[in-house]
Structure formats: C-alpha cells, structure tokens
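The values are calculated or read from the model by the stated rules, or taken from the named source; none is laboratory data. Please read all numbers here as calculations on a predicted model, not as lab measurements. Quick reminder, even Gly has a Cβ in these numbers, built from the backbone with ideal geometry, and neighbours come from all protein chains shown. What goes into the accessible areas is simple: the full protein's heavy atoms, side chains included, and nothing from ligands, DNA or RNA. Shrake-Rupley method; radii C 1.70, N 1.55, O 1.52, S 1.80 Å.
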Amino acid sequence: MKSLFLKIFLFFWLAQALFLVLAILVTLAFRPRSSSWEALLATALNDSVKAYEEGGKPQLREYLDTLENTQHVRAFLFNENMEEVSHRGAPEWAVRVAGGGPRVPREGFLFPAPPPVLRDSRASADGLHRYTLILSPPPGPRLFLGPRGLPLPGLFIAVISSGLVCYLLAWFLTMPVVRLRAATRQLAAGDLTARAGAPSLRRRDEVAGLMRDFDAMAERMENLVKAQSRLLNDISHELRSPLARLNVALGLARQRTNPESAAMLDRIELEAGRLNELIGRLLTLARIEDGEQRVPSTPVLLEEVVVSVAEDAEFEAQARRCHVHSEIPPGNWEVQGDVSLLHSAIENVVRNAIRYTREGSTVEIHLDQSHSAGESEAVIRVTDCGDGVPADALEKLFQPFYRLDDARGRHTGGVGLGLAITERAVRFHGGRVTAMNRPQGGLMVEIRLPLSRVIPVQQQTLEIVAAGREV
C-alpha cells in the first residue's frame with residue numbers, strides 16, 4: 001500500500017473497530033450467565049405458585065415485590081386464562097409473552113428488540129390449574145447482533161460515522177503532503193514559480209511549517225536564478241560595445257599595417273568572432289531562461305529546417321573530410337514554435353557531432369515520428385562516429401559551460417553552450433532532448449518535439465460549412 005492517506009485512514013478505522021470488538025468481548029466476559037437466570041426462573045416459578053396457593057394474592061404480591069427489590073427483576077404470574085393473578089397491573093408486553101408471542105409486535109433491523117424476557121410454566125399441586133411466570137431481567141449492555149441484541153442501525157451508524165471521522169482526519173493530515181509533492185515535482189521540472197500554498201497561520205503543526213519552509217526555499221531559488229540570468233544578460237550586453245569597437249579598430253589596423261602583420265590580425269579577428277558568437281549564445285540562453293521569449297504559434301516545417309541545417313553543416317564538415325547525410329521520410333512534420341530557435345537547437349547538435357566524429361566519417365540526421373497516448377512527436381536523431389561520452393557525463397552534456405576536458409574544448413573551439421541552448425530551446429517548445437552512446441560507437445542525440453494536429457480535409461470542409469451557417 002503506497003498511499004499515505006489509505007494507511008492513515010485504514011489504521012484509525014481498524015483501531016476503532018478493534019476497540020469495539022474488545023468492548024464486546026469484555027462485556028460478554030462479565031455479563032451474567034444465562035444458566036443463572038434459568039435457575040432463578042425455575043425457583044421463582046415454584047415459590048410464586050406456592051405463595052399464591054398458600055396465601056393467595058397478598059402473599060404472592062409480597063413475594064413478587066421482594067423478588068423485584070432483591071434480584072432487580074420484574075415478575076408476573078398468569079393463570080391458564082392469561083390473567084395476572086396478583087393483580088399488579090401487568091403490561092401489554094407481559095401479556096403478549098405469556099400467550100407465546102413476542103415482546104414487541106415487530107422487531108428486526110428497523111425495530112430492534114428490547115432485552116430478552118424469560119418465560120416458564122407449571123401446573124398447580126392439584127393439577128387443576130396451569131401457571132406461567134414471566135421474568136424480565138434487569139437492563140444491561142446489549143451487545144449481540146441480530147434481532148435479540150444490539151440494534152443493527154446503531155452499529156451501521158457507528159461504523160459509518162467512525163469511517164467519516166477517520167476519512168476527514170486522514171485528509172487533514174495528508175492533503176498538505178500531496179500539495180507539497182505536486183509543488184516539488186513542478187519545481188524539479190523547472191517551474192520556479194511552483195508553491196505548495198502554505199496554510200493559514202492558525203495551523204502551526206510540523207507539516208504546515210514544512211510547507212512554509214518549502215515556499216520560502218522556492219522563492220529564494222527563483223530570485224537567485226533570476227538574478228543570475230539578469231547578471232548574465234547585463235554582462236553580455238556590456239561586452240557587445242567594446243567588442244564592436246574592437247572590430248572597428250581591427251578594420252582600421254588592416255588598412256595601415258603591412259602584409260607581414262596579416263596573420264596576427266587574422267588571429268585577432270578569429271578570436272573576436274568566437275567572442276562575438278559566445279556573447280550571442282549567452283544572450284540567447286539568458287533570454288530563454290528569463291522567460292522573456294514566449295512560444296509563438298507560428299507553424300514551422302521541420303523537414304525544411306533539417307534540410308537547411310544539413311546543407312550548411314556540409315560546408316563545415318568538408319574541413320574534416322566528413323559528410324552530413326539527412327534522411328527525411330514523407331509525412332506531416334509541422335510543429336508550432338520559433339523557426340530561428342529550432343534551427344539553432346538542431347544546428348548546435350549537428351555542429352557538435354561534426355567536431356567530434358572521426359575524420360572521413362558521416363554524420364547522420366534521421367527524422368522520424370513517434371505516437372503515444374494519442375499524441376504524435378517528431379523525433380530527430382543525430383549520430384556521429386566518434387568515441388562517445390562516458391556514461392556518467394551523458395546527463396551533464398546539456399549543462400551550461402560543461403566540457404569533458406579543457407584540452408578538448410580548446411582543440412574544438414567549443415565553450416560548452418551549444419547543447420545547453422539546444423536543451424533550453426527544445427524544452428521551450430514542449431519537447432525533450434537526450435543523449436546516449438551507440439553500441440557500435442559514437443554518440444546519438446535525440447530531440448523530440450510535439451507535432452501539430454492535422455485536421456483532415458473533409459473535417460476542415462465541414463467546419464467551414466458549419467461556420468458559414470452560423471454566420
């Protein structure tokens with residue numbers, strides 16, 4: 001049983017049921033035995049008949065009063081004509097029982113019976129009369145199920161009411177935990193605005209304190225991430241101005257220097273270009289993380305983006321005597337989003353594959369579809385023929401500024417932002433990206449994006465006709 005709510009609910013409910021059963025058993029253990037009442041009935045019947053035959057009504061009335069005062073039982077003696085011979089005013093139920101009927105006219109589930117009544121008969125000494133004694137024991141705990149014991153409606157109400165109380169108690173204890181769990185999942189998924197919703201200040205137990213601490217922690221984390229993103233954005237903007245002046249100065253220097261300095265100026269221009277690219281990526285990453293950019297509802301044909309990325313990457317791959325091959329089957333490849341962000345996300349993965357694949361090999365780009373739970377996804381798989389990545393580093397590939405080693409980063413010119421931008425851009429479009437090592441060697445990066453729902457032509461025609469009728 002994994003649910004804390006069910007554990008608490010059933011624990012309290014079973015505890016109350018166990019308490020009720022123990023109360024019944026204890027009461028049964030201390031209640032008088034039925035044999036003692038039967039012996040008293042036989043003795044009272046003989047003594048009352050003897051008192052009536054010897055002393056008449058006065059002596060019988062005196063005996064019955066003494067029996068009631070000493071044994072706390074009510075007794076009535078009837079003759080064969082169903083007449084109470086002591087004339088003490090027998091109630092209707094006593095007359096009914098003396099005649100062989102029940103104590104009440106109806107009994108059962110809706111009309112539970114009162115305490116049981118004892119009845120016995122004997123003949124007189126001369127055999128001419130027959131007397132019947134009705135003995136009603138003192139009221140006590142009635143703990144037997146059925147028409148002769150505890151009323152079933154009372155038991156039913158007790159079980160339902162205890163279950164309702166236990167349900168409310170379990171709900172009161174577990175509902176904050178459920179809300180806290182939901183907020184934790186949202187926070188883990190990247191939603192820094194997630195809050196558990198702390199209860200009112202009147203509730204000061206440990207669970208309420210935990211929820212307040214969680215909300216304070218989430219708010220602090222949100223503020224820190226926003227401050228970090230703003231700092232990154234501000235620094236990137238501030239670096240653009242001196243970089244622009246550096247490019248202008250570089251152009252002037254080319255006009256005034258001799259050809260011997262061209263190699264040094266080319267190196268400066270290369271490093272300035274890398275710095276400019278780094279700043280651009282930092283701005284893109286900060287814009288996505290800040291939430292300033294919203295997912296547009298512009299339809300994007302994914303196959304055109306993949307073809308464009310493959311054609312551009314082919315030129316870069318020629319420097320390492322590599323090739324880029326794309327495989328796009330026919331079908332619907334329309335997604336909703338920003339075409340420049342999607343282009344950058346796919347391009348970063350392909351360029352990363354070109355950098356680390358073996359010289360003379362081919363980088364493959366496959367476009368496929370996946371269907372699950374009524375939703376369709378576009379699956380873009382980019383594979384290379386490199387050495388792969390250690391298993392413990394696969395999850396870290398999409399972290400900003402992460403590189404397997406500094407020497408590798410200097411050799412390839414990467415700073416560890418390309419795949420981080422890819423992950424943010426794909427998540428920005430409601431998708432996900434993963435990396436895995438191939439059994440035959442190399443790395444495969446898989447991008448999944450939700451496809452737009454395509455309405456059949458016949459359905460579109462029907463909707464247009466219906467709209468025209470409404471107009």
Sulfur and carbon atoms: percent of accessible area, region 326-393 [1.4 Å]: 45
State the extension gain, in nm to one decimal, for the chain segment bounded by F11 and E269, taking 0.36 nm per residue of separation less the distance between their alpha-carbons. 85.5 nm
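Could you tally the net charge around L128, taking each other residue with its Cβ under 14 Å from the Cβ of L128, Lys/Arg +1 and Asp/Glu -1?
Net local charge, L128 excluded: -1.
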Quick calc, E334 & L22: beta-carbon distance into FRET formula, R0 51 Å, rounding 0.05, result 0.15
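With every protein chain present, what is the per residue accessible area of region 170-209 (1.4 Å probe, Å²)? Before the final figure, lay out the partial values.
Working: 2650 Å² over 40 residues.
Value for region 170-209: 66 Å² per residue.
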From phi via Karplus (6.51, -1.76, 1.60), per-residue ³J(HN,Hα) for region 250-262 in Hz, x at Gly/Pro: 5, x, 5, 5, 5, 6, 10, 9, 7, x, 5, 8, 4
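By how many nm would the segment from E395 to R320 grow when fully extended, if each residue of separation counts as 0.36 nm and the alpha-carbon distance is taken off? Don't skip to the end; give the middle numbers.
Numbers: separation 75, 0.36 × 75 = 27.00 nm, distance 2.76 nm.
Stretched fully, the E395-R320 segment lengthens by 24.2 nm.
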Hey, for a label at A189 modelled as a point 7 Å past Cα toward Cβ, could you say which residues of region 416-441 have their backbone N under 20 Å away? 423-434
In region 159-173, whose amide N lies under 20 Å from the spot 7 Å out along Cα-to-Cβ of R203? List them in ranges. 164-173
Under 14 Å from the Cα of K226, which aspartates and glutamates turn up, not counting those fewer than eight places away in the same chain? D191, D234, E289, D290, E292
For L169 paired with A123, estimate the spin-label separation in nm (one decimal), with each label point 7 Å from Cα along the Cα-to-Cβ line. 6.3
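Which whole-number percent gives the relative contact order of region 164-282, counting Cα pairs below 8 Å spaced six or more residues apart? Kindly include the intermediate steps, with their values, before the conclusion.
Values: 65 pairs, mean separation 22.6, N = 119.
Relative CO of region 164-282 lands at 19 percent.
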Which aspartates and glutamates have a Cα lying under 19 Å from the Cα of K50, excluding residues fewer than 8 positions away in the same chain? E38, E62, D65, E68, E80, E83, E84, D120, D126
Each label point is 7 Å from the Cα along the Cα-to-Cβ direction; what then is the distance between the points at R130 and N276, in nm? 12.5
